[in-house]
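Note sheet for the following structure.
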Amino acid sequence: MLKNNLGYPRVGPRRELKKACEGYWAGTLSRQALFLAATQVREANLQLQKDAGIDLVPCNDFSLYDQVLDMSLLLGAIPERYTPVVTDVANNAEVDLYFAMARGYQRDGLDITAMEMTKWFDTNYHYIVPEFKKDQAFRIFSSKVFAETGAARHFLGKVPKPVLIGPVTYLLLGKEKEAGFDRIQLIQKLVPVYVDILNKLQEDYQVEWVQLDEPFLAMDLTPAQQEAFRYAYAAIQKQCPHIKILLTTYFDALGDNATLAAGLPVAGLHVDLVRAPQQLELLLELLPPHVVLSLGVIDGRNIWKNDFERSLHLLDLAIKERGRNNLMIAPSCSLLHTPFDLEAETKLAGEVRNWMAFAKQKLQELNDLQAILEGNTSLLAANRQAMETRRTSALIHNPQVKARVAALTEKDATRHQPFAQRQITQHARFQLPLFPTTTIGSFPQTADIRQLRARWKKGALTQAQYEDALEKATVDLIRWQEVCGLDVLVHGEFERNDMVEYFGEQLQGFLFTSNGWVQSYGSRCVKPPVIFGDVWRPADMTVRWSRFAQAHTEKWMKGMLTGPVTILQWSFVRDDQPRSVTANQLALAIRDEVAALENAGIAMIQIDEPAIREGLPLRRKDRAMYLDWAVTAFRISASCVRDETQIHTHMCYSEFNDIIAHIAAMDADVITIETSRSQMELLEAFAYFHYPNEIGPGVYDIHSPRVPSVAEMEVLLEKAAALLPAKNIWVNPDCGLKTRNWPETKAALENMVAAAKAAREKV
Ligand code: GLN
Ligand code: ZN
């Protein structure tokens, strides 16, 4: 049984590539030095995989920025606006064109925008979206895949397995940049270029296997898209008879595409048996006996040790049907989504550590599973023991938390009175003007504030010194908001590093790694908290700051919390219970904080849920079930308060049409959303649905330093008032202001308040 790896993290164990890229962009590092850093990361990865006994070692999984952008360059799909940079490639280098596409190009009098970026399926990785025109042409442009294949072959002393995104997935990842065609129609122009690439890999580098990633085979497909798969793979098989294609799927089950996938003329098929173990039996029936089946049994999306018993069950099933010779064993997907090496975590408690595996450890798990199949019983015993301690450890299991979740009823997720009633009570209490103004929570996190926190963490500042400085920043902000004339104030979130980490650090059941970085996009990495055990809240988390802030103003001060679904979505989540159960535990912890804020006299409490949409399952059939439990978790967190207490929520993505009913079901008294970039178009969905509760459509884009004029915000407010009842409309920016500077923030909010006043006069 061959050991197959799909891809390896590429920022380097100490984020070496991040530093090198950023140095190159800043002009402080030479191109040579950048390439050297890249080579070192690549070679270290190859060495590691070679040492781990991986049979199919991937190459071209490395990327300086993004593997989809690599494909666009390989296939010559370079948008026209980069022509000045392309023609300059002779003088510059391909890498400058590449980074121009990723990040924009502002040089030598040129100002060219970057390509768009979007989420890679349901991960937190973001890719650069290919752009297609109706008459799009493709040709081999970049030689990166050939160079990396050659270098890897030389380094390993054997042929590596080049990784490419398959032709259908490549097209589906992209976007039409003009009307009048469907990008899938480009498949006939695209396939010949793939044929050339594959043949060149085979002829020049004697490559045996090539991995073509086609995760779209595990998504909902139209008949035309299914047909594109048949067409592309038949053509490749016919014209590249000497190459073995390993058709690679992940992130979901093949489902209704199983027959299609099993019928494609390829040498191997990889499936994700972590997300979708149930698909194995059907595949064993459908897949022709000569096709090698790669069994993705090790979770490439998480940091947990593999449960060997569970994997062996799947492996045994496959071996019984097909024998060992045409099976491979593999991680479920590329290890890109896991941190590098658990050994770098010197501060983790031994017991917890024994339940975890990062990328390097996952390679070892492939070996261990194979050794166990060959009769090594002690490895299995050790794994069983780790699993057993995890099932029973008092570190993880808190019977009270479990009992509380089990006892939840519909009543816990329901406010006392319906919204219409609450609105009357709340309006009587708050006495706000029409079109009340507010902000989303954070204010500029300037270098001062960040340095303050860094010094406090290092011990250079005492707790009292740190809090004094935060208090001063908070009071200054309150005074400024009063002078500015905002109606509902916030405390500014100066005490928070990050909206998830801040809560995770105060909740039980969370841990933080020192080096658990994963790539988010380009050189940007995130270090998600780990939810390893039952979650509960030992003490108040935000009451101190909200109470302090409310005590310093006569105006209403919003309490500010992160919602349960967002905390879940931006963490590594335990895999020993359904996500919905963990969501409910988080919901109860937030609910307790909501109750504590209410008790402390806070009358408005905002529970941010910017990540609800990110959790949407990839397949339409699974979406309703997710939205049900996600909305319930939010409602549990919010429903303990009296009618007169106003619950706000905030979401910042620009698509609501398909989930508007669920957003309404959250039943927040006020929702603030991102709308300014779409000129209020998004509000139409809310209007069409007769969204019943109050809503604050963002009137200016906080992603840009630009200060919007009073007039343009007035226009947006007029549009909003034409779509929704005036008494339901709030006025606020699109999102939090923590990435902005003070001068632009102040100017923009002053204009916003003026726009709201002007709008009031007109009613
Ligand atoms: N309250 C948070 C802030 O203002 C919300 C951030 C977000 O939606 N991502 O920063
Ligand atoms: Zn936001």
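The values are calculated or read from the model by the stated rules, or taken from the named source; none is laboratory data. Remember, predicted model here, so these are calculated numbers, not experimental data. Backbone-built Cβ (ideal geometry, glycine too); neighbour counts: all protein chains shown.
The condition of being within 15 Å of ligand 2 (Cβ to nearest atom) and of a type in the set (Gly, Ala, Ser) holds for only one of Ser709, Ser678, that being Ser678. The test for being without any contact (Cβ under 8 Å) to a residue 60 or more places away in the chain, closer than 15 Å to Gln423 by Cβ and among the hydrophobic types (A, V, I, L, M, F, W, C) holds for Ile695.
Determine whether Met651 is within 16 Å of ligand 2 (Cβ to nearest atom) and either among the aromatic types (Phe, Trp, Tyr) or touching a strand residue (DSSP E or B) at 6+ places or on another chain (Cβ under 7 Å) (or both). It is true that Met651 is within 16 Å of ligand 2 (Cβ to nearest atom) and either among the aromatic types (Phe, Trp, Tyr) or touching a strand residue (DSSP E or B) at 6+ places or on another chain (Cβ under 7 Å) (or both).
So if I check each of Gln237, Gln278, which one is at pLDDT 95 or above and either closer than 30 Å to Val573 by Cβ or within 29 Å of the chain's Cα centre (by Cα) (or both)? That would be Gln278, the only listed residue that is at pLDDT 95 or above and either closer than 30 Å to Val573 by Cβ or within 29 Å of the chain's Cα centre (by Cα) (or both).
A residue that is at pLDDT below 95, buried (at least 22 other Cβ atoms within 10 Å of the Cβ), assigned to a loop (DSSP other than H, G, I, E, B) and touching a Lys or Arg at 6+ places or on another chain (Cβ under 9 Å) can be found somewhere in region 694-702. Would you point out the residue of region 403-447, among those that are assigned to a loop (DSSP other than H, G, I, E, B), among the aliphatic types (A, V, I, L, M) and away from ligand 1 (no atom under 16 Å from the Cβ), that is surrounded by the fewest Cβ atoms within 10 Å (Cβ to Cβ)? So, considering only residues that are assigned to a loop (DSSP other than H, G, I, E, B), among the aliphatic types (A, V, I, L, M) and away from ligand 1 (no atom under 16 Å from the Cβ), the one surrounded by the fewest Cβ atoms within 10 Å (Cβ to Cβ) is Ala407. Looking at region 631-639, can you tell me whether even one residue there is within 16 Å of ligand 2 (Cβ to nearest atom), touching an Asp or Glu at 6+ places or on another chain (Cβ under 8 Å) and among the small types (Gly, Ala, Ser)? No, every residue in region 631-639 fails to be within 16 Å of ligand 2 (Cβ to nearest atom), touching an Asp or Glu at 6+ places or on another chain (Cβ under 8 Å) and among the small types (Gly, Ala, Ser). Of the residues making up region 718-763, those that are surrounded by fewer than 15 Cβ atoms within 10 Å (Cβ to Cβ) and in a loop (DSSP other than H, G, I, E, B) are Pro725, Thr739, Asn741, Val763. Does any residue of region 527-543 turn out to be over 26 Å from the mean Cα position of the chain (by Cα), touching a residue at least 40 places away in the same chain (Cβ under 8 Å), assigned to a helix (DSSP H, G or I) and surrounded by fewer than 22 Cβ atoms within 10 Å (Cβ to Cβ)? Yes, some residue in region 527-543 is over 26 Å from the mean Cα position of the chain (by Cα), touching a residue at least 40 places away in the same chain (Cβ under 8 Å), assigned to a helix (DSSP H, G or I) and surrounded by fewer than 22 Cβ atoms within 10 Å (Cβ to Cβ). Enumerate the pairs (first residue in region 714-737 and within 15 Å of Val763 (Cβ to Cβ); second residue anywhere and of a type in the set (Gly, Ala, Ser) and within 16 Å of ligand 2 (Cβ to nearest atom)) with beta-carbon separation below 8 Å, excluding pairs fewer than 6 apart on the same chain, so at least 6 apart or on different chains. Within 8 Å, the pairs are Ile729/Gly696; Trp730/Gly696; Val731/Gly696.
A count restricted to region 657-676 and to residues that are of a type in the set (A, V, I, L, M, F, W, C) and either in a loop (DSSP other than H, G, I, E, B) or in contact with a Gly (Cβ under 9 Å, 6 or more places away or on another chain) (or both) stands at 5.
Would you pick out the residues in region 605-636 that are more than 22 Å from Ala276 (Cα to Cα), in a helix (DSSP H, G or I) and within 15 Å of ligand 1 (Cβ to nearest atom)? Result: Phe634, single match.
Would you call Ile140 crowded, with 21+ Cβ neighbours inside 10 Å and aliphatic (A, V, I, L, M)? No; evaluated as a whole, the condition is false for this residue. Counting only helices (runs of 4 or more DSSP H) that sit wholly inside region 32-129, those with at least 1 residues that are farther than 30 Å from Pro617 by Cα and modelled with pLDDT under 95 are 83-87, 94-103. Scan region 639-656 for residues that are assigned to a loop (DSSP other than H, G, I, E, B) and within 10 Å of ligand 1 (Cβ to nearest atom) and the total you get is 2. When Phe494, Phe503 are checked against the criterion of being buried (at least 17 other Cβ atoms within 10 Å of the Cβ), aromatic (Phe, Trp, Tyr) and not in a loop (DSSP other than H, G, I, E, B), a single residue qualifies: Phe503. Per the conditions (1) surrounded by fewer than 20 Cβ atoms within 10 Å (Cβ to Cβ); (2) at pLDDT 95 or above; (3) within 16 Å of ligand 1 (Cβ to nearest atom), the sole criterion not satisfied by Thr672 is (1). Restricting attention to region 660-675, the residues being within 26 Å of the chain's Cα centre (by Cα) and away from ligand 2 (no atom under 16 Å from the Cβ) number 6.
Quick one: is Glu410 closer than 20 Å to Asn302 by Cα and without any contact (Cβ under 8 Å) to a residue 12 or more places away in the chain? The answer is no for Glu410. Taken over region 418-475, the criterion of being within 16 Å of ligand 2 (Cβ to nearest atom), over 18 Å from Phe548 (Cβ atoms) and not hydroxyl-bearing (Ser, Thr, Tyr) is satisfied by Ile440, Pro444, Gln445. A Cβ distance below 8 Å, combined with a sequence gap of six or more or placement on separate chains, defines the contacts here; from region 600-629, residues that are modelled with pLDDT under 95 reach residues that are basic (Lys, Arg) and within 16 Å of ligand 1 (Cβ to nearest atom) in the pairs Glu614/Lys119. Thr113 fulfils the conditions (1) polar (S, T, N, Q); (2) surrounded by 22 or more Cβ atoms within 10 Å (Cβ to Cβ); (3) touching a Gly at 6+ places or on another chain (Cβ under 6 Å) except for a single criterion, (2).
Any chance region 677-685 includes a residue that's within 16 Å of ligand 1 (Cβ to nearest atom), closer than 25 Å to Val490 by Cβ and either in contact with a Gly (Cβ under 6 Å, 6 or more places away or on another chain) or of a type outside the set (Val, Ile, Thr) (or both)? Yes, the conditions are met somewhere in region 677-685. Taking region 52-66 as the range and being in contact with a Lys or Arg (Cβ under 9 Å, 6 or more places away or on another chain) and crowded, with 18+ Cβ neighbours inside 10 Å as the test, the residues that pass are Ala52, Ile54, Leu56, Val57, Pro58, Cys59, Asn60, Asp61, Phe62, Ser63, Leu64, Tyr65. Exactly one residue among Glu609, Glu614 is surrounded by 17 or more Cβ atoms within 10 Å (Cβ to Cβ), of a type in the set (D, E, K, R) and under 25 Å from the mean Cα position of the chain (by Cα), and that residue is Glu609.
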